[in-house]
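Enquirer: My questions all concern the structure below.
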Amino acid sequence: MARIEQRRRFIQRALAGTAVAALGGYYFLSDDLTRAARAESRKDGRPRLPPGQRVLSKLRPMGGEPSDTPPSRYRVKIYGEVEAPFELTLAELAELSTEHSVDVHCVTGWSVLGARVKGVPLAKLAERAKPRTKARHVIFEAAHGYTSNVPIAEALRPNVLLAQRLEGQALPRAHGGPLRAVVPDLYFWKSAKWLEGVRFVEHDEPGYWETRGYHNHADPWREERYG
Ligand SMILES: Nc1nc2c(c(=O)[nH]1)N[C@H]1C(S)=C(S)[C@@H](COP(=O)(O)O)O[C@H]1N2
Ligand SMILES: [Mo]
């Protein structure tokens, strides 16, 4: 009940903001939600909304080249500088998955707050793979060669997920289904869609956007937008 009321208030507020028409429907950049979020702070003391961001009503598909692999043949590899590399099917991942509420921040200036995502914390998979002490970075590897790089300490935070569900439904293909990375505390380009591998490496490997002028680290609270 509280949820429905919350949702209604949300929609009323969103309507007071700016409507953005895009692929798959309407998205609202809400001034009220933006103001409210600016007044909130996180458990770690940072403001809920990073500087220069506005709240968008829901995730907006930002493009990319989807995977062609049928879900029945889909595997994700956890490998590289680890003692015990392994692969998991989507069903095996689903068994390990739990619900999380996440905020994500796109470098183009929108943030989505409190998205309901179901996935497996990468940290949980790393416990099984056992990264070697020389592993310093994690490379998220997606279909068609898209990659992103994250320092290992940040990749193993409990809110970094391999996600298969969004808002109670299978992750839509446009959002990276059947499987994507979700790295909430870095700009959203780090969250590789159509994820096929997580490779632990000793030496950093700047990825798709990091080699095209975007910041190598991408902390939204420091506005690490461009390199
Ligand atoms: N494989 C892959 N992952 C990707 C991208 C991409 O082009 N290919 N784009 C990134 C960018 S720039 C953003 S902002 C987010 C967008 O996710 P969304 O489409 O679900 O909103 O996905 C990221 N992950
Ligand atoms: Mo992006």
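Just so you know, all these numbers are worked out from the coordinates, no wet-lab data involved. The structure displayed is predicted, hence computed values, not measured ones. Note that we place each Cβ from the backbone using ideal geometry, even for glycine, and neighbour counts take in every protein chain shown.
Enquirer: Conditions first: (1) without any contact (Cβ under 8 Å) to a residue 60 or more places away in the chain; (2) under 19 Å from the mean Cα position of the chain (by Cα). Arg46 passes all but one, so which condition is the exception?
Expert: Arg46 satisfies all of (1) without any contact (Cβ under 8 Å) to a residue 60 or more places away in the chain; (2) under 19 Å from the mean Cα position of the chain (by Cα) except (1).
Enquirer: Quick check on my filter: what residues within the stretch 162-204 are outside any strand (DSSP E or B), of a type in the set (A, V, I, L, M, F, W, C) and under 9 Å from the mean Cα position of the chain (by Cα)? Break it down into steps so the answer makes sense when it comes.
Expert: Here is the first cut: in the stretch 162-204, the ones outside any strand (DSSP E or B) are 167-168, 171-179, 183-194, 202-204.
Subset that is of a type in the set (A, V, I, L, M, F, W, C): 171, 174, 179, 183, 186, 188-189, 192, 194.
Val183, Leu186, Phe188, Trp189, Ala192, listed by residue number.
Enquirer: Follow-up question, since we're still on this one. Which residue, of Ser30, Ser41, Ser57, Ser72, is in contact with a Ser or Thr (Cβ under 9 Å, 6 or more places away or on another chain) and loosely packed, with under 14 Cβ neighbours inside 10 Å?
Expert: Details: Ser30 fails: loosely packed, with under 14 Cβ neighbours inside 10 Å; Ser41 fails: in contact with a Ser or Thr (Cβ under 9 Å, 6 or more places away or on another chain); Ser57 fails: loosely packed, with under 14 Cβ neighbours inside 10 Å.
Going through Ser30, Ser41, Ser57, Ser72 in turn, just one is in contact with a Ser or Thr (Cβ under 9 Å, 6 or more places away or on another chain) and loosely packed, with under 14 Cβ neighbours inside 10 Å: Ser72.
Enquirer: Kindly provide the set of residues from the stretch 75-101 that are among the acidic types (Asp, Glu), in contact (Cβ under 8 Å) with a residue 40 or more places away in the chain and surrounded by fewer than 17 Cβ atoms within 10 Å (Cβ to Cβ), ordered by number. Give the derivation first.
Expert: Applying the first criterion (among the acidic types (Asp, Glu)) to the stretch 75-101 yields 81, 83, 87, 92, 95, 99.
Checking the rest, the ones that are also in contact (Cβ under 8 Å) with a residue 40 or more places away in the chain come to 81, 83.
Scanning the stretch 75-101 gives a single hit, Glu83.
Enquirer: Right, here's the next one. Conditions first: (1) on the phi > 0 side of the Ramachandran plot; (2) in contact (Cβ under 8 Å) with a residue 24 or more places away in the chain; (3) within 16 Å of ligand 2 (Cβ to nearest atom). Gly213 passes all but one, so which condition is the exception?
Expert: Condition (2) is where Gly213 drops out.
Enquirer: If you don't mind, another one. Residue by residue through the stretch 115-159, note down the ones that are more than 13 Å from ligand 1 (Cβ to nearest atom), charged (D, E, K, R) and assigned to a strand (DSSP E or B).
Expert: Arg116, Lys118
Enquirer: Right, something else. Run Ala123 past the list (1) crowded, with 17+ Cβ neighbours inside 10 Å; (2) within 28 Å of Arg48 (Cα to Cα); (3) of a type outside the set (Ser, Thr, Tyr) and report the number of the one that doesn't hold.
Expert: (1)
Enquirer: Residues that are farther than 30 Å from Lys134 by Cβ and touching a helix residue (DSSP H, G or I) at 6+ places or on another chain (Cβ under 9 Å): which strands (runs of 3 or more DSSP E) entirely in the stretch 45-109 hold 1 or more of them?
Expert: Numbers: elements: 54-56, 75-80, 86-89, 98-105.
Those strands (runs of 3 or more DSSP E) span 54-56, 98-105.
Enquirer: Looking at (1) surrounded by fewer than 20 Cβ atoms within 10 Å (Cβ to Cβ); (2) of a type in the set (Val, Ile, Thr); (3) more than 16 Å from ligand 1 (Cβ to nearest atom), which is the one condition that is false for Thr108?
Expert: Status for Thr108: all satisfied but (3).
Enquirer: Also, I was wondering about something else. Of the conditions (1) within 14 Å of ligand 2 (Cβ to nearest atom); (2) within 23 Å of Thr69 (Cα to Cα); (3) surrounded by fewer than 17 Cβ atoms within 10 Å (Cβ to Cβ), Pro172 clears all except one; give me its number.
Expert: Only one criterion in (1) within 14 Å of ligand 2 (Cβ to nearest atom); (2) within 23 Å of Thr69 (Cα to Cα); (3) surrounded by fewer than 17 Cβ atoms within 10 Å (Cβ to Cβ) is unmet by Pro172, namely (1).
Enquirer: Given the options Thr69, Thr89, Thr108, name the one that is hydroxyl-bearing (Ser, Thr, Tyr) and within 16 Å of ligand 2 (Cβ to nearest atom).
Expert: Details: Thr69 fails: within 16 Å of ligand 2 (Cβ to nearest atom); Thr89 fails: within 16 Å of ligand 2 (Cβ to nearest atom).
One residue alone meets the criteria, Thr108.
Enquirer: Go through the stretch 145-161 and give me each residue that's over 15 Å from the mean Cα position of the chain (by Cα) and either crowded, with 22+ Cβ neighbours inside 10 Å or under 12 Å from Gly197 (Cα atoms) (or both).
Expert: Gly145
Enquirer: Can you name every residue in the stretch 104-144 that is without any contact (Cβ under 8 Å) to a residue 12 or more places away in the chain and under 19 Å from Val76 (Cα atoms)?
Expert: Within the stretch 104-144, Glu127 is the sole residue that qualifies.
Enquirer: For the structure I just gave you, tell me whether Pro131 is over 13 Å from Leu186 (Cβ atoms) and either surrounded by 15 or more Cβ atoms within 10 Å (Cβ to Cβ) or aromatic (Phe, Trp, Tyr) (or both).
Expert: Working: over 13 Å from Leu186 (Cβ atoms): yes; either surrounded by 15 or more Cβ atoms within 10 Å (Cβ to Cβ) or aromatic (Phe, Trp, Tyr) (or both): yes.
So Pro131 fits the description; yes.
Enquirer: Quick one: is Val82 within 15 Å of ligand 1 (Cβ to nearest atom) and hydrophobic (A, V, I, L, M, F, W, C)?
Expert: Details: within 15 Å of ligand 1 (Cβ to nearest atom): no; hydrophobic (A, V, I, L, M, F, W, C): yes.
Criteria not met by Val82.
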